[in-house]
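Working notes, structure below.
The values are calculated or read from the model by the stated rules, or taken from the named source; none is laboratory data. All values reported here derive from a predicted model rather than from experimental measurement. Counting neighbours? That spans all protein chains shown, and the Cβs are built from the backbone with ideal geometry, glycine included. Just the protein is used for accessible areas: all its heavy atoms, side chains included, with ligands, DNA and RNA removed. Shrake-Rupley method; radii C 1.70, N 1.55, O 1.52, S 1.80 Å.
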Amino acid sequence: MTQDIIRFDRVTKKFGELTVLDALDFSVAKGEKVTIIGPSGSGKSTVLRILMTLETIDDGVIHVAGKPLWHEERDGRLVPAGEDHLRAMRKEMGMVFQQFNLFPHMTVRRNITEAPVHVLGLDKEQANRRAEEYLELVGLSDQADKFPSQLSGGQQQRVAIARALAMRPNIMLFDEPTSALDPELVGEVLNVIQRLSNEHDLTMLLVTHEMQFAKQISDRVCFFDKGRIVEQGPPEQVFSTPREARTQEFLKGFLSPEPH
Amino acid sequence: MTQDIIRFDRVTKKFGELTVLDALDFSVAKGEKVTIIGPSGSGKSTVLRILMTLETIDDGVIHVAGKPLWHEERDGRLVPAGEDHLRAMRKEMGMVFQQFNLFPHMTVRRNITEAPVHVLGLDKEQANRRAEEYLELVGLSDQADKFPSQLSGGQQQRVAIARALAMRPNIMLFDEPTSALDPELVGEVLNVIQRLSNEHDLTMLLVTHEMQFAKQISDRVCFFDKGRIVEQGPPEQVFSTPREARTQEFLKGFLSPEPH
Amino acid sequence: MLLGIEWDTANNWVFAWSILPILLKGLAVTLQATALGFVVAAVLGLVLAGLKSSRSRIVSWPARFLTEFIRDTPLLVQLFFLYHVLPEYGIVLPAFLTGALALGIQYSAYTSEVYRAGIESIARGQTEAAHALDLSALRTFSVIIVPQAIPRIIPALGNYLVSIMKDVPVLSVVSVLEMLNVAKIIGDRSFNYLIPLSMVGGLYLLLTLLAAAGVRRLDTRLPKQGLPLR
Amino acid sequence: AGLDDIKKRGTVRIAVANEIPYGYMDMDGQAKGMGPDVAKHIMEQLGIHRIEWITTNFGSLIPGLRANRFDMVAAEMAILPQRCKEVLFSEPNSSYGEGLLVAKGNPHDLHAYESFVQSDKKVAIMAGADQLEILQALGVPPERMVTIANNADAISTVSTGRAAAYAATSLTVSELASKSDKVEAAAQFKDPVVGGAPARSWGAFTFSQDSADFRDAVNAELAKFKRTEGWAKTMSHYGFSPTDAEESFNKTTEQLCAAG
Amino acid sequence: MNWSSYMPPLLEGAWVTVQLTVYSTILGAACAFAFGMGKVSGSRLARGVSVAFIEVFRGTSLLVQLFWLYFALPLLGQAVGVDLRLPPVVAGTLALALNIGAYGAEVVRGAIQAVPPAQHEAAKALDFTPRQILWRIALPQAIPEMMPSFGNLAIQNLKDTALVSLISLGDLAFRAEQIRNFTQDSVTIYTLLLFMYFGMALALTALMKLLESSVGRWRAGRS
Ligand SMILES: Nc1ncnc2c1ncn2[C@@H]1O[C@H](COP(=O)(O)OP(=O)(O)OP(=O)(O)O)[C@@H](O)[C@H]1O
Ligand SMILES: Nc1ncnc2c1ncn2[C@@H]1O[C@H](COP(=O)(O)OP(=O)(O)OP(=O)(O)O)[C@@H](O)[C@H]1O
Ligand SMILES: [Mg+2]
Ligand SMILES: [Mg+2]
């Protein structure tokens, strides 16, 4: 791999008594597409949320694009990161949430242009052009003036993806982007993500339970359990010939039960 | 098929302006395992809820076990069913809900024994023995004294199945029994249902999005759309070579997207 | 002198100290009116809730109108109405009882909603599950609904108890000697309102903070899932 | 406020307590009564042409003066030594004796304030009125007194038996008695004797402590007016007896303030 | 006298009641936003002041507050040498507004906090500043959430205006008492009075519903 764009070094995260990430080592190369799988509560979302600085960490170091995420250098010394540094780091990344989290009081267009205008300082026209570009990408050019509540779940999630892309991040984080969707709408969202995975520059970190899909798009699959990486490797290997007993057991839950 | 235990004749159901079932003809033979699939809002749940008399109908006739569900014969004439008749009809059926709907303030045991004691008139000991029998069946013998909130979703749904079975119904209705569950817990519930499907006497009507599972256990698959049956037949035929365009389109959502 | 107790205006502290026992006597009346008003509200609210949920429109509609009417008209006017109009029809109640009754009626409109909401908040799924198991309507209500509704109803009723207490001073207009009225009379006679009225404010604050803590505690103690049936 | 201030403003604010016949507002919002009629004449003489009338509870008259909510009170408030410490009084404008309002037919056979010293009957008084001092001086225990906020409440208080009688001035009593046939003025009323003399009150205009010059100006005009036929006519128009008129000349404010 | 002769003075009083309700509700809403946002703000001082305000005005009875402002405040002013003698209109409006403002502040706080944390997170992921999140994301979503409660508070406020009659403000209740002083016709007057308040409440409810639907149009399609 060329260069690590994300690197976790012995990162520990606790919620009170509960250790959610346990001295985790984990890295992602630039342009790599990595899927995280694992049982509920294993810390998958936490990894993404920490990257997006939605959670703090208790121990360890994280580097994003070569810079420490939670620290900055000042007068040659490493000090806790200020809000300016954190904002600069967040600009590297875009995130798509399980529940879409569109802003319900804004039209689709406003949802996409709001941050480019008020964070990046684009003028309105530029931002609108950008919105159209990404709406085209997710196949929703004709829905720009609707409110989120007027769209189906699948359409909302595609808008959310467009919204994240409009900030032109280098890294995209997806946290179970299809698990809040009616089963028949899953396909349309996966299609969009599939298309993004062909962009060789974009680094993708995806948490999902769609094993079939994970197999298709990822360069690497990481199986998480209890805040650690139990097993990782190319998708064919992890899905077809898992080495660890825990991985086998977990994957069994997704196969159809056998008659007894 | 031997004899229809459930028969819908031109059944229409409306919610205000909205026609949810549209002159529906539909029947299920004794011992048959039927799966209903279809997009959200197509009326799948409504079919089960009408059978359980949780909703009334606006037109048509329904027979369950040879008797009209919403009417009874009195003095040789068909009159609207009284509460006694409805209760007798409901005894034929048990229902399992998407959200489990266990009684949160009762222990697992009490959840299962409440109806046998107070509806069937079993004495406490008989009911407890019956509870143990069915807890064994769903693999939860050791959880009898817990409250629902102390169980995982999969365990709660298994208790709900045991609760319905304890009334010894001839027909079991399942309304998306796994869609409120974490993906890894789906298997344990499907396993229990799979086991039940081997009971040749039990008629089963199952609404689900687990296509793989539906293929395995059902004698017949019905595809619903807009309150009508668009297509039905053996699972292999419906899933592999759907005849109708609408069915093909729907099933496409469940397949992995192809790279473009 | 008021309620048999003299006050001393030597200086502000002495004055405050000397009127405290009088205010406490008024406070006792306030608390009695609160308690009685609450009982009336709790019972009458239940009756209204029952009537409103009746299937017969001839019963439910007037009950609904009455609730709305009570809720939309001021306690003060209701109190005047009861106090001055009822006697015209031969019903003469002492001021204290009239006041407690007015409080009870005003708040029954609110408590009836508490009961209704408490029952409706029990997920529709619970009723349906009971129905699917063929449990009788009576058993469903008493064993499935009520044990789950009670923990939701009690804290809300507790909040209205506190509100009733804060409305008791309105009874002063029909000469009930509750705490504010006592303070006002002391003020009228000593021409010093600052101290008695401030003391009443302080006492009220103390009481409501205590009561709020009580309600909160009740809230944490009541099981969220319903009263457990073992 | 001083006389100059008022003249500069051109408006004087005068309060009444809604007591017929001392000072009240009729249905059209016109001020009427012994106090207002005389006050109107005096203000005319003083060259103050606009009067703003304010209605308030009797108990709030003195606090209102002290809080500068009005410049003068025209309620025929009795001159009492303890009130002289709080406010300034003009010379007497009227004089009146005491009375007792009882239910029709005087069922309890009440004819004097002294009746309440021994019996268990309750007597009503108005908040802030001087009947309290008289009853206290006679030795009526406090728990036997019912305080009402308003003259208007007296009829219902007495007719419904909430109190056996209402102690007020003879004029108030006869006015109230004329309004309702459920009550009457107690016949053969015996004037209460306090400090060796029958209780009689002298009503006057009231001012705040810092309005001495205004009070003096009113005094000068009042003295002139009391010598005219107009004043005597007003007295009799509102039901004062010739004795009441004569008595009003027999005491000065200085004497009344010094007594007790 | 028949009831129609009571109407002119009662209508005059009703007009005073309407004005009082409008002014004190508007002023109260301003208090509600100031102190409600104060309670969720980052500044410890603002939080402390807001909590104190809310507790004091919710914790004591409105009538006590009204009497205190009207009777006691002038004496306090005297003691410290400031003229705090408020005219009845001011004391009444202020007491109503402060009281309703304290209840409203809790509504505002509740609605702001009810905006799902996920919305804050989504906004943060798009790199909005905390201030932008409050003004652009949280508040616009919170306002429609507040409207039903504000509707109830406005009705409460309308009813509470009756209490100002006790400090001799010529509102509807006060005028009714005046007429009764004159005519002793309690039955007619209080019945009229009840229905007039009821009518005003219905009108106010309709108005608030209108306002509610106009601020939350984006929620229309919501199931
Ligand atoms: N804010 C929080 N406070 C306390 N515990 C938390 C918090 N957020 C997450 N947790 C706990 O941390 C653990 C890991 O959570 P995380 O959301 O990362 O799991 P996950 O692997 O994403 O699971 P899922 O598949 O259910 O989304 C869980 O046990 C969860 O309960
Ligand atoms: N109580 C009700 N009142 C009004 N409309 C209802 C009610 N219950 C269901 N509907 C409507 O009836 C239609 C059919 O509902 P139903 O629940 O049967 O659909 P479904 O096929 O089970 O969908 P899903 O997969 O989402 O559960 C939907 O459009 C739904 O909105
Ligand atoms: Mg997660
Ligand atoms: Mg359904």
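Once both labels are modelled 7 Å past Cα along the beta-carbon direction, what's the residue D:40-residue C:60 spacing in nm?
My value for the distance between the label points is 6.0 nm.
Would you be so kind as to list the residues of region D:56-79 that have their accessible area lowered by at least 50 Å² in the full protein complex compared with their chain by itself (1.4 Å probe)?
D:63, D:66, D:69
Semi-axes of the equivalent ellipsoid for region A:199-253, please: Cα gyration tensor eigenvalues, times 5, square-rooted, ordered largest first, whole Å.
20, 12, 10
Please arrange C:190, C:53, D:95 by accessible surface area, largest first, computed with a 1.4 Å probe and ligands excluded.
C:53, C:190, D:95
Let me check something: with ligands and nucleic acids excluded, how do B:105, A:118 order by accessible area (1.4 Å probe), largest to smallest?
Per-residue accessible area, sorted high to low, gives A:118, B:105.
Projected onto the charge dipole of chain E (+1 at Lys/Arg Cβ, -1 at Asp/Glu Cβ, origin at the Cα centre), which of E:52, E:120, E:68 gives the Cα projection farthest towards the positive end?
Sorting the options by dipole projection puts first E:120.
Once the label point is placed 7 Å from Cα along Cβ, list for residue B:74 the distances to the corresponding points in the other copies, in nm, shortest first.
8.5
Specify the residue with the greatest mean-square fluctuation among E:68, E:135, E:15, computed from a Gaussian network of chain E linking alpha-carbon atoms under 10 Å apart.
It is E:135.
Taking all protein chains as present, what is the carbon and sulfur share of the accessible area of region A:65-171, in % to the nearest whole number, probe 1.4 Å?
43
Where the accessible area of region D:1-109 is counted over protein heavy atoms with a 1.4 Å probe, how much of it, in %, is carbon and sulfur? Each step should come with its number before you reach the end.
Numbers: 1570 of 3530 Å².
C and S fraction of accessible area: 45 percent.
Suppose we take every Cα in region D:50-159 and form the convex hull; what volume per residue is that in Å³?
133
For the protein assembly as shown, what is the accessible area per residue in Å², given a 1.4 Å probe and the full set of protein chains?
42
How long is region C:10-221 along each principal axis, judged by its Cα atoms, biggest number first, in Å?
Result for region C:10-221: principal-axis Cα extents of 77, 46, 22 Å.
Residue by residue, what Karplus-based ³J(HN,Hα) values in Hz, rounded to whole numbers, does region A:142-150 have, using 6.51, -1.76 and 1.60 with θ = phi - 60° and x for Gly and Pro?
8, 10, 4, 9, 8, 8, x, 5, 8
Relative contact order of chain D, please, whole-number percent, based on alpha carbon pairs below 8 angstrom and at least 6 residues apart.
29
Could you state how much accessible area is buried at the E-A interface, both sides summed, with a 1.4 Å probe, in Å² to the nearest 100?
2100
So for chain A, Kirkwood radius off the Cα pairs, Stokes-Einstein at 10 °C and 1.306 mPa s: how many µm² s⁻¹?
This corresponds to a translational diffusion coefficient of 82 µm²/s.
Taking the label point 7 Å from Cα in the Cβ direction, how far apart in nm is residue A:10 from each other copy of itself, listed shortest first?
7.9
Using a 1.4 Å probe on the protein chains only, how many percent of the accessible area of chain C belongs to carbon and sulfur?
Within chain C, the accessible surface is 68 percent carbon and sulfur.
Using Cβ-Cβ distances only, list the Cys residues of the protein assembly as shown with no partner cysteine under 4.7 Å, sorted by number.
When partners are defined as cysteine Cβ atoms under 4.7 Å apart, the protein assembly as shown leaves A:222, B:222, E:31 without one.
Checking an interface number: how much accessible area is buried between E and C, summed over both chains, with a 1.4 Å probe, in Å² rounded to 100?
Buried surface at the E/C interface: approximately 3200 Å².
Which of the listed residues, C:50, C:94, C:180, is farthest toward the dipole's positive end in region C:10-221, when Lys, Arg count +1 and Asp, Glu count -1 at the beta-carbon?
About the Cα centre, the residue reaching furthest to the positive side is C:50.
Based on the Cα coordinates of the protein assembly as shown, what is the per residue volume of their convex hull in Å³? Each step should come with its number before you reach the end.
On the way: hull volume 292.6 nm³, N = 1233.
Output value, Cα hull per residue: 237 Å³.
Along the Cα→Cβ direction, 7 angstrom out, place labels at residue E:47 and residue C:47. What is the inter-label distance in nm?
4.8
With every protein chain present, what accessible area does residue E:185 have (1.4 Å probe, heavy atoms only), rounded to the nearest 10 Å²?
Answer for residue E:185: close to 40 Å² accessible.
Could you order B:13, D:32 so the one with the most accessible surface comes first? Probe is 1.4 Å. Before the final figure, lay out each step's value.
Working: B:13 10, D:32 65 Å².
My answer, sorted largest first, is D:32, B:13.
How many nm separate the modelled label positions at residue C:138 and residue A:15, each set 7 Å beyond the Cα in the direction of the Cβ?
Result: 4.6 nm between the two label points.
Counting pairwise Cα distances across region D:4-61, what percent come out greater than 14 angstrom?
The share of Cα pairs beyond 14 Å in region D:4-61 comes to 54 percent.
Toward the positive end of the charge dipole of region A:129-225, about the Cα centre and with charges on Cβ (Lys, Arg +1; Asp, Glu -1), which of A:165, A:139, A:216 goes farthest?
A:165
How big is the dipole moment of region A:105-168 about its Cα centre under a simple scheme where the beta carbon of each Lys and Arg is +1, that of each Asp and Glu is -1, and everything else is neutral? Debye, nearest 20, please. List each step's numbers first, then the result.
Details: 9 positive and 8 negative charges, 35 e Å.
Result for region A:105-168 is approximately 160 debye, rounded to the nearest 20.
Which entries of A:14/A:44; E:159/E:209; A:124/A:146; A:252/B:44; D:226/D:251 have Cα-Cα distances beyond 25 Å here?
The answer is A:252/B:44.
Treating the angle as unsigned and between 0 and 90°, give the value, to the nearest 10°, between the Cα long axis of helix E:44-59 and the longest Cα principal axis of chain E.
Taking the Cα atoms of chain E, the angle to E:44-59 is about 30 degrees.
How big is the shadow of the Cα convex hull of region B:105-168, averaged over all directions, in nm²? Walk me through the numbers before you get to the answer.
On the way: hull surface 15.0 nm².
That works out to 3.7 nm², a quarter of the Cα hull's surface.
So how exposed is residue D:108, as accessible area in Å² (1.4 Å probe, rounded to 10)?
Spelled out: residue D:108, probe radius 1.4 Å, area about 90 Å².
Name the residues of region D:19-41, by number, that are at least 40 Å² less accessible with every protein chain in place than in the isolated chain; the surface is that of heavy atoms, probe 1.4 Å, without ligands or nucleic acids.
Those residues are D:27.
Multiplying the sequence separation of residue A:219 and residue A:152 by 0.36 nm and subtracting their Cα-Cα distance, what value in nm do you get?
Once the chain is fully extended between residue A:219 and residue A:152, it gains 21.1 nm.
Under a Cβ-only charge scheme (Lys and Arg +1, Asp and Glu -1), can you give me the dipole magnitude of the protein assembly as shown about the Cα centre, in debye to the nearest 20?
360
If amide H atoms are built 1.01 Å from N in the plane of the peptide, which residues on other chains or at least 5 residues away come under 5 Å of the amide H of residue A:243?
none
Could you report the buried accessible area between B and A, both sides summed, computed with a 1.4 Å probe and given in Å² to the nearest 100?
Roughly 1900 Å².
How large is the dipole of region A:1-130 about the Cα centre if only Lys and Arg carry +1 and Asp and Glu carry -1, each at its Cβ, rounded to the nearest 20 debye?
Using Cβ point charges on Lys, Arg, Asp and Glu, region A:1-130 gives about 580 debye.
Would you compute, for the Cα atoms of chain D, the largest minus smallest coordinate along each principal axis and list the three values in descending order, in whole Å?
That works out to 55, 40, 36 Å along the principal axes.
Taking a label point 7 Å from Cα toward Cβ, how far is residue A:168 from its twins in the other copies, in nm, shortest first?
The answer, with the shortest distance listed first, is 7.4 nm.
If you average 1/r over all unlike Cα pairs in region A:120-260 and invert the result, what Kirkwood radius do you get in angstrom?
One decimal place: 17.1 Å for the Kirkwood radius.
Defining a contact as two alpha carbons under 8 Å apart and six or more residues distant in sequence, what relative contact order in percent does chain E show?
Taking the mean separation of contacting Cα pairs over the length of chain E, I get 28 percent.
Counting only C-alpha contacts under 8 Å and six or more residues apart, can you give the relative contact order of chain B as a whole percent?
24
Which shape class, rounded, prolate or oblate, goes with chain E when its Cα gyration tensor gives a ≥ b ≥ c as root eigenvalues, a/c under 1.5 marks rounded, and past that a/b bigger than b/c marks prolate?
oblate
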